[in-house]
1. Be a star and scan segment 37-77 for residues whose amide nitrogen sits under 17 Å from the point 7 Å along the Cα-to-Cβ vector of Phe199.
2. Over all directions, the average projected area of the alpha-carbon convex hull for segment 79-163 comes to how many nm²?
3. Please work out the FRET efficiency for the pair Val73 and Phe100, using the Cβ-Cβ distance as r and a Förster radius of 22 Å; give the result to the nearest 0.05.
4. If you restrict to DSSP beta bridges whose two residues both lie in the chain, what percentage is antiparallel, to the nearest 5?
5. Once the convex hull of the alpha carbons of the chain is built, what does its volume come to per residue, in cubic angstrom?
6. Below 8 Å, C-alpha to C-alpha, sequence gap of six or more: please give me the relative contact order for segment 126-239 in percent.
7. Round to the nearest 0.05 the FRET efficiency obtained for Leu219 and Leu80 when R0 = 45 Å and r is the Cβ-Cβ distance.
8. Anything over 23 Å Cα to Cα? Flag those among Lys6/Lys103; Lys54/Lys78; Lys13/Lys54; Lys13/Lys45, in the order listed.
Amino acid sequence: MPKLAKIFIYPIKSLDGVAVNQATILPGGALQHDRELVLVDENGKFVNAKRTAKIHLVRSRFDLQNRTVSLQVMGTKKQLFQLDEERKAIEHWFSDFFGFKVKLQENLFTGFPDDLESSGPTIVSTATLIEVASWFGDLSLEQIRDRFRANLEIDDVPPFWEDQLFAEKGDILPFQVGNVLFEGTYPCQRCPVPTRDAFTGEAYPNFQKIFVEKRKETLPEWANLSQFNHFFRLTANTRIPASEAGKILKVSDVVHRPGWQACDRLY
């Protein structure tokens with residue numbers, strides 16, 4: 001049966017993620033602590049990996065229980081900060097790094113998702129990531145995982161299983177992970193971030209071209225073509241209704257939806 005194998009949250013948008021065993025659903029449909037902080041410039045514009053590849057050079061390690069983060073750029077000493085009490089010090093560290101003034105903004109309701117219409121967790125299967133890694137002979141599963149930065153990873157399913165979590169363009173598809181109701185919307189449109197090494201920011205030659213050709217070639221029969229105006233799409237975007245606020249997702253939760261009895265072959 002499809003089951004939740006991994007949960008990743010990214011406390012500061014575009015920085016390193018944290019693997020957790022469970023996550024609480026916020027009123028806005030996000031996972032608690034996921035992208036709850038974002039760096040912005042003096043004009044309020046995001047300072048993220050879409051804007052600058054330089055951010056890939058920052059290593060961040062979060063302790064969610066103690067609300068701390070250690071920051072480091074290769075060749076420099078790690079510095080430890082308290083996320084709630086040392087915001088100014090964190091802002092100063094990043095301002096020095098980027099060479100211009102930045103601030104931290106916080107949103108404890110929805111976080112700062114890329115997609116404001118489908119602001120729930122992104123979903124992918126482990127088998128999908130393994131398949132995509134095979135398209136690039138020198139990239140590992142972990143490197144592909146770091147490039148695509150999905151929140152929820154599903155195991156015991158075939159590659160591109162998550163392509164059945166959305167219906168016709170414009171429709172939603174309800175399903176559950178454990179006791180949490182989700183609404184699947186569409187496959188995530190990818191930006192330049194996956195084309196780069198997650199630790200150096202170096203672009204992989206022809207990454208998008210290779211990906212698009214292989215994605216089109218391997219698109220499963222259960223994928224809805226109306227959702228693919230192009231093939232640089234991977235992972236399923238979702239929404240979580242406000243009714244699910246406070247519920248908890250846990251690793252090993254089973255994924256199910258009405259009608260899947262007829263799709264047992266996909267398991």
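Where a number appears in this text, it was derived from the coordinates with a stated rule and is not lab data. Because the structure is a prediction, the values reported are computed rather than measured. Here Cβ is always computed from backbone atoms with ideal geometry, including for glycine, and neighbour counts include all displayed protein chains.
1. 54-62, 71-77
2. 8.6
3. Numbers: r = 16 Å, r/R0 = 0.73.
Efficiency for this residue pair is about 0.85.
4. Bridges in the chain are about 90 percent antiparallel.
5. Spread over its residues, the Cα hull of the chain gives 130 Å³ apiece.
6. 31
7. Rounded to the nearest 0.05, the efficiency is 0.50.
8. Working: Lys6/Lys103 31 Å; Lys54/Lys78 18 Å; Lys13/Lys54 14 Å; Lys13/Lys45 13 Å.
Pairs exceeding 23 Å: Lys6/Lys103.
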